[in-house]
Amino acid sequence: MPLAQEKGNYSYADYLTWPEDERWEIIDGIAYLQAAPSSTHQEILGGLFAQFHHYLSGKPCKVYPGPFCVRLTQDDVKINEDIKKVVEPDITIVCDISKIDERGCKGAPDIIVEIISPSSIKMDRFIKFNSYEKAGVREYWIVEPEGKIVNVFLLQDDQRYGRPETYIEDDEIKVSILTDLRIDLKPVFQGI
């Protein structure tokens, strides 16, 4: 589990004052220090990002590799002190470009991909899962390097994630919001 700070009232205003060489996230006012990713994590990130980037080149949606700051806000939140959810997903896809500014994304992205590590399992499967669902992230992927598995959660009409679609290393993932995109997992997990 990432190192959590005791104080439970941190905001994006605090986040902006922290050292840039440290990876912090804030969920409901609690700050979490993120560990540096492993080489396996980075290889998987590169394989997924390359396919998304190639497909989205020249299209209105944009893809960003981590670290990339996402401020999960409600539309009425205007000041940094009121933003209590700041995350740095492994991959972020945003189709409403008005949400993008020089600091990252303000509002719910369309797709978030998290690659779990032993230290981030609880964070990615529970804490971030609930935050992404509540914020309205349309598609949430949890990648498990050890089992070479990807679970894809889609936001349903009731604004809750349904049961995941589970994919293994030889599968292709049909991306729900990018209807003609299929992500081939073979090159992503090859050699890992």
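In region 84-151, what trypsin sites (Lys or Arg not before Pro) fall in a loop by DSSP, with at most 15 other Cβ atoms inside 10 Å? Answer in residue order: ARG103. Database remark: amide H of ILE149 closer than 5 angstrom to the amide H of GLU144 (H placed geometrically; neighbours at sequence offset of 5 or more, or on other chains; Pro and chain starts carry no H).
Unpaired cysteine residues in the chain (no second Cys Cβ under 4.7 Å): CYS69, CYS105.
Fewest neighbouring Cβ atoms within 10 Å first, the residues THR92, THR179, THR73 line up as THR179, THR73, THR92. Amide H to amide H distances under 5 Å link ILE115 with ASP90, VAL143, where only residues 5 or more positions off or on other chains count and H is placed in the peptide plane. Classify region 116-192: rounded, prolate or oblate, from the alpha-carbon gyration tensor (a ≥ b ≥ c, eigenvalue square roots; a/c under 1.5 rounded; otherwise prolate if a/b is larger than b/c)? Because a/c hits 1.5 or more and a/b fails to exceed b/c, region 116-192 counts as oblate. Of the GluC sites (Glu not before Pro) found in region 91-155, those in coil by DSSP whose Cβ has at most 10 other Cβ atoms within 10 Å are GLU102, GLU146. For the chain, adding -39500 (n - 2.57) for each run of n ≥ 4 DSSP H residues and dividing by the number of residues yields -5000 deg cm²/dmol at 222 nm. Within the straight-line cut-off of under 30 Å between alpha carbons, the lysines reachable from LYS174 are LYS59, LYS62, LYS85, LYS99, LYS106, LYS122, LYS128, LYS134, LYS148, LYS186, sequence neighbours fewer than 8 places apart in one chain being disregarded.
Of all DSSP beta bridges confined to the chain, the antiparallel ones make up roughly 80%. Diagonalising the gyration tensor over the Cα atoms of region 3-189 and scaling each eigenvalue by 5 before taking the square root yields semi-axes of 26, 19, 16 Å, largest first.
Taking Cα centre as origin and charging only the Cβ of basic (Lys, Arg, +1) and acidic (Asp, Glu, -1) residues, the dipole magnitude of region 1-159 rounds to 160 debye. Taking the number of Cβ atoms within 10 Å of each Cβ as an exposure proxy, the fewest-first ranking of ASP158, ASP82, ASP170 is ASP158, ASP170, ASP82. The order of ILE97, ILE183, going from fewest to most other C-beta atoms within 10 Å of their C-beta, is ILE97, ILE183. Simple rule: put +1 on each Lys or Arg Cβ and -1 on each Asp or Glu Cβ in the chain, find the dipole, and look at TRP24, GLY191, ILE79; the Cα lying farthest toward the positive end is ILE79. Seen against the Cα atoms of the chain and their longest principal axis, helix 39-56 is set at about 80 degrees.
Taking label points 7 Å from Cα along the Cα-to-Cβ direction, ASN80 and ALA36 give a separation of 2.7 nm.
FYI, it's all coordinate maths here, none of it is from the lab. Keep in mind that what you see is a predicted model, and the values were worked out from it rather than measured. Cβ atoms come from the backbone with ideal geometry, glycine included; neighbour counts cover every protein chain shown.
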